[in-house]
Amino acid sequence: MVFGLERVKALSSYWRIEISLSNFNSEFGNVLVRDIKLTQIENYQQRRLNQGMPLATVEREVGEVKTMIYKAHNDGMVGDRTAMTFKKVKNLLRKNANARNNVLSVDKFQKLLKHSPSHLIGILATGFYTGMRKGALKFTCYIAFTRSIGMLTPVSMTSPWDQSGQG
């Protein structure tokens, strides 16, 4: 599927590349690469977004295909016109659109820890010290491991990014 590139297969993210290419092939698997048009790729992007896929996921899927096409072009397996078609595909994400834009200050972090249940302190510390995005931290905070019961339990928590400004 990826032209037998051993370097690509050795990547720890190879499984993700396979999924991206599989998703693209489910749409274009019966079409010759040279016959894929720019509008078809743009329509594919929009369909994936309409299915509820995040921008970054759709961007990654098309990006993996573009990389494969460029490598095939460099090896003489596809023509210039095909490579140009994929080069013209516009990025959905603007530069730094997926960047961490909310930074929790040390004072707010200390206040948050002071008012948090003990089972959340480790999760919050992990988020603070690793620079997790707010969405990942919110997801992590809604699920906590309850050791006494030995099962996953939903947890109610006020986010430090609430609009009330009292984080």
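Residues with beta-carbon under 12 Å from that of residue 33, excluding residue 33: net charge, scoring Lys, Arg +1 and Asp, Glu -1?
+3
Less than 15 Å Cβ to Cβ from residue 82, Lys/Arg counted +1 and Asp/Glu -1: what total charge do the surrounding residues give? Could you put the intermediate results ahead of the total?
Values: positive: 34, 37, 66, 71, 81, 87, 88; negative: 35, 75, 80.
Taking every other residue near residue 82 into account, the sum is +4.
Where does the charge balance sit around residue 17 when Lys and Arg score +1, Asp and Glu -1, over other residues with C-beta under 11 Å from its C-beta?
Result for the local shell: 0.
No lab work stands behind these numbers, since they all come straight from the coordinates. Worth saying up front: this structure is predicted, and the values here are computed from it rather than measured. Positions of Cβ are backbone-derived with ideal geometry, glycine not excepted, and every protein chain shown enters the neighbour counts.
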